[in-house]
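Just below is one structure, and these are the notes that go with it.
The values are calculated or read from the model by the stated rules, or taken from the named source; none is laboratory data. Source: prediction; values computed, not measured. Ideal geometry is used to build each Cβ from the backbone, glycine not excepted, and the neighbour counts take in all protein chains shown.
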Amino acid sequence: MPSTAIKSQGATLGRGDAASPEVYTAIANIQSFNLSGVEANDIDVTDLSSTGKEFLQGLEDPGSVDITGFYDSANTSHQAIRDAVGGSTVTNYRVTLSDSSTITFAALVQSFALDIAVDGAVELSATLKISGGITYA
């Protein structure tokens, strides 16, 4: 049976402009991005009559997106992420995979950093903290 794997090459991470309809601009020079995954919290409801630990499933934590790439100080997508650190504005983002499927979410910029080393390109890293749900289409 042939593989149904999706190639990573050609995937983009776009930042929304909050317009209607929303337009997503690809973040330039990205090497990789990682969606950490959704995880639900446990609510401990064990009481004195329990014969073992009892739990309810709590709210989902949609996780975060870690981005790495090459920094361009003149690029507006890099400037927007850098300037959003510590702000309270939730922005929409969209991952577009090479098969045209999409993953859309809203996020805050949690961190932005630069790595500068001898005989290397200036690298950026950023973390987007997802707020709310994730839509797969």
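Gly69 - would you say it is farther than 22 Å from Ile134 by Cα, in a strand (DSSP E or B) and modelled with pLDDT of 95 or more?
The answer is yes for Gly69.
Restricted to the range 69-113, and to residues that are buried (at least 16 other Cβ atoms within 10 Å of the Cβ) and among the charged types (D, E, K, R), which residue is nearest to the chain's Cα centre (by Cα)?
Filtering the range 69-113 for residues that are buried (at least 16 other Cβ atoms within 10 Å of the Cβ) and among the charged types (D, E, K, R), the one nearest to the chain's Cα centre (by Cα) comes out as Arg94.
Give me the pairs, please: first residue somewhere in the range 47-65 and without any contact (Cβ under 8 Å) to a residue 60 or more places away in the chain, second residue anywhere and exposed (fewer than 11 other Cβ atoms within 10 Å of the Cβ) and in a loop (DSSP other than H, G, I, E, B), beta-carbon distance under 8 Å, and either six or more positions apart or on two chains.
Every condition considered, the pairs that remain are Glu54/Val45; Glu54/Asp47; Phe55/Val45; Leu56/Val45.
Within the range 82-122, take every residue that is in contact (Cβ under 8 Å) with a residue 60 or more places away in the chain and in a loop (DSSP other than H, G, I, E, B) and give me the one that is nearest to Gly14 (Cα to Cα).
Here the answer is Leu97.
Give me the strands (runs of 3 or more DSSP E) completely within the range 1-55, filtered to those with at least 2 residues that are more than 16 Å from the chain's Cα centre (by Cα), ordered by residue number.
39-44
In the range 1-40, what count of residues is obtained for those that are acidic (Asp, Glu) and either under 24 Å from Leu114 (Cβ atoms) or touching a Gly at 6+ places or on another chain (Cβ under 7 Å) (or both)?
Summing the residues that are acidic (Asp, Glu) and either under 24 Å from Leu114 (Cβ atoms) or touching a Gly at 6+ places or on another chain (Cβ under 7 Å) (or both) in the range 1-40 gives 2.
Just give me the residues in the range 41-77 being over 20 Å from Asp115 (Cα atoms) and hydrophobic (A, V, I, L, M, F, W, C), in sequence order.
Of everything in the range 41-77, those that are over 20 Å from Asp115 (Cα atoms) and hydrophobic (A, V, I, L, M, F, W, C) turn out to be Ile43, Val45, Leu48, Phe55, Leu56, Leu59.
Looking at the range 1-24, which of its residues are surrounded by fewer than 14 Cβ atoms within 10 Å (Cβ to Cβ) and either of a type in the set (S, T, N, Q) or under 20 Å from Val122 (Cα atoms) (or both)?
Ser3, Thr4, Ser8, Gln9, Ser20
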